[in-house]
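All of the numbers you see were taken from the coordinates with simple rules; none came from a lab. On a predicted model such as this, the values are computed, not experimentally measured, just so you know. With ideal geometry, Cβ positions are generated from the backbone for all residues, glycine too; neighbour counts draw on all protein chains shown.
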Amino acid sequence: MIVQLKQLFDIVGEKKEISYIIPNDELEEYTSYDFASGIAINGTIVNRAGVVTLSFSCSFTMNQFCDRCLREFTREYNYDFEHILVRSSGCDDYVECHDNTLDMNELAITDLLLQLPSKILCKEDCKGLCYKCGTDLNEGSCDCNEG
């Protein structure tokens, strides 16, 4: 979704609500991730005292494999983000919106991919697999440690 920001940059007090879903077919290029649902985006862009701020949340569901036991599972994620939008800047602290436009899909997907945990576990106390026989230790113990 491309958001036009000219009016938001030019008028102090201006506000724009954002609510839409990035459909699964637009997420196919991210082949390392298995999105089970589209990404629901809800947020607000507001100009307060000449500073344009974007606040949004994204909700989605992913199919994943546990890094310890290799079991497949589905998990829902909800993240909140906030950015200051500027027309141009040499600083990485702000989101540059050239030509007064913002590619909301690109920003939201980048934000959420950077926010995802680096270690994916089916549950916090996942015991993983036995390093000798491969038994799923969540389902019971094995005989490898005996003797």
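Distance between the modelled labels on residue 34 and residue 96, one decimal in nanometres: 3.8 nm (7 Å Cα→Cβ projection).
A protection proxy built from the mean count of other Cβ atoms within 10 Å ranks the segments 116-127, 34-45, most packed first, as 34-45, 116-127. Of interest is the spacing of the C-alpha centroids, which for region 6-47 and region 113-147 amounts to 36 Å.
Once you divide the Cα radius of gyration of the chain by 2.2 N^0.38 Å, the number left is 1.44. Under a plain spin-label model, where a point goes 7 Å from the Cα along Cα-to-Cβ, how far apart in nm are residue 115 and residue 103? Taking the simple label geometry, residue 115 and residue 103 are separated by 2.0 nm. In the chain, the longest principal axis of the Cα atoms and the axis of helix 104-115 are about 40 degrees apart. Between 109, 55, 36, whose Cα lies farthest towards the positive end of the dipole of region 2-115 when Lys and Arg beta carbons carry +1 and Asp and Glu beta carbons carry -1, centred on the Cα centre? About the Cα centre, the residue reaching furthest to the positive side is 55.
Each of 29, 106 was scored by other Cβ atoms within 10 Å of its Cβ. Listed from fewest to most, they are 29, 106.
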